[in-house]
Amino acid sequence: MKIGITGGIGSGKSTVTDYITEQGYQVLDADKIARDIVMPDGSALGKLAAAFGEDIVMKDGNLDRKALAEIVFNDEEKRKILNEITHSEIRDIILAGLENPQSDPVFADVPLLFESGFYKEVDRVWLVTASEKTRIRRVSERDGASAEEVRARIGSQMPEAEKRALADNIINNDGSLEELYAQIDRLLEETDG
Ligand code: ADP
């Protein structure tokens with residue numbers, strides 16, 4: 001069973017994936033993969049160097065993020081190429097992981113799960129959600145952002161109602177951590193094995 005996890009900013013998605021990982025399940029984390037593939041031994045670094053020149057790799061083998069940023073800055077075409085290289089690499093790694101899972105269920109934590117269409121690659125989608133009020137309070141406390149900033153970031157994301165319609169299971173995170181974990185335990189019991 002392949003389960004995609006999604007949730008807007010401040011919903012508690014990271015808290016949920018941390019808990020699932022602690023319970024011994026594999027979570028394929030797109031953000032982490034995105035960092036790994038541009039490490040010195042990462043699978044995307046050579047492709048980026050082929051596309052943008054060897055100067056984007058520093059002498060110590062690390063990606064020169066500044067040099068790469070300067071190349072794609074204000075260049076829509078090059079930015080597109082960069083995204084294509086990295087996104088397809090991340091996608092391939094997650095798909096390979098889902099086909100070769102280390103747990104059942106196996107989870108995929110992919111930003112823009114619905115928007116990217118990646119939700120079609122999993123059997124079920126769990127949506128972590130909380131009221132706007134809760135999300136604003138938690139993100140303000142976590143990041144020191146103002147309520148206005150958080151509201152703007154929430155507003156730039158896909159509307160919650162559309163996500164609810166596409167999700168198979170909804171995890172409500174307006175309550176305590178204990179209540180959150182109890183919901184996850186219940187869902188894991190339903191789907192395990
Ligand atoms: P996301 O990854 O969706 O942006 P996080 O998991 O980072 O959200 O949660 C946002 C903040 O709220 C974090 O500081 C987290 O520790 C806290 N948090 C999440 N869920 C709860 C909860 N049920 N009770 C109290 N604090 C929570």
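The values are calculated or read from the model by the stated rules, or taken from the named source; none is laboratory data. Because the structure is predicted, anything quoted here is derived from the model rather than measured. We place every Cβ from the backbone using ideal geometry, glycine too, and count neighbours over all the protein chains shown. SASA here: full protein model, heavy atoms, side chains in, ligands and nucleic acids out. Shrake-Rupley method; radii C 1.70, N 1.55, O 1.52, S 1.80 Å.
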### Query
For W126, which of the numbered conditions (1) within 11 Å of the ligand (Cβ to nearest atom); (2) open to solvent by less than 60 Å² (accessible area, probe 1.4 Å); (3) outside any helix (DSSP H, G or I) fails to hold?
(1)
#### Entry: Residue that is touching a residue at least 40 places away in the same chain (Cβ under 8 Å) and more than 13 Å from the ligand (Cβ to nearest atom), where the choices are D174, D168, D109, D92
D168
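Going by the structure shown, is V38 open to solvent by less than 30 Å² (accessible area, probe 1.4 Å), more than 20 Å from L98 (Cα to Cα) and under 19 Å from the mean Cα position of the chain (by Cα)?
So V38 fits the description; yes.
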### Task
Find the helices (runs of 4 or more DSSP H) located wholly in the stretch 147-193 whose residues include 1 or more that are out of contact with any Gly (no Cβ under 8 Å at 6 or more places or on another chain) and over 21 Å from F114 (Cα atoms), and list them.
147-155, 177-191
### Task
Return yes or no: is F118 open to solvent by less than 50 Å² (accessible area, probe 1.4 Å), of a type in the set (F, W, Y) and either away from the ligand (no atom under 16 Å from the Cβ) or in the same structural domain as L48 (by TED's automatic domain parsing) (or both)?
yes
### Message
Take E84 and tell me if it is loosely packed, with under 15 Cβ neighbours inside 10 Å, without any contact (Cβ under 8 Å) to a residue 12 or more places away in the chain and within 11 Å of the ligand (Cβ to nearest atom).
### Response
no
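Can you tell me which residue is nearest to the ligand (Cβ to nearest atom) among those in the stretch 1-22 that are of a type in the set (A, V, I, L, M) and either touching a Pro at 6+ places or on another chain (Cβ under 7 Å) or outside any helix (DSSP H, G or I) (or both)?
I9
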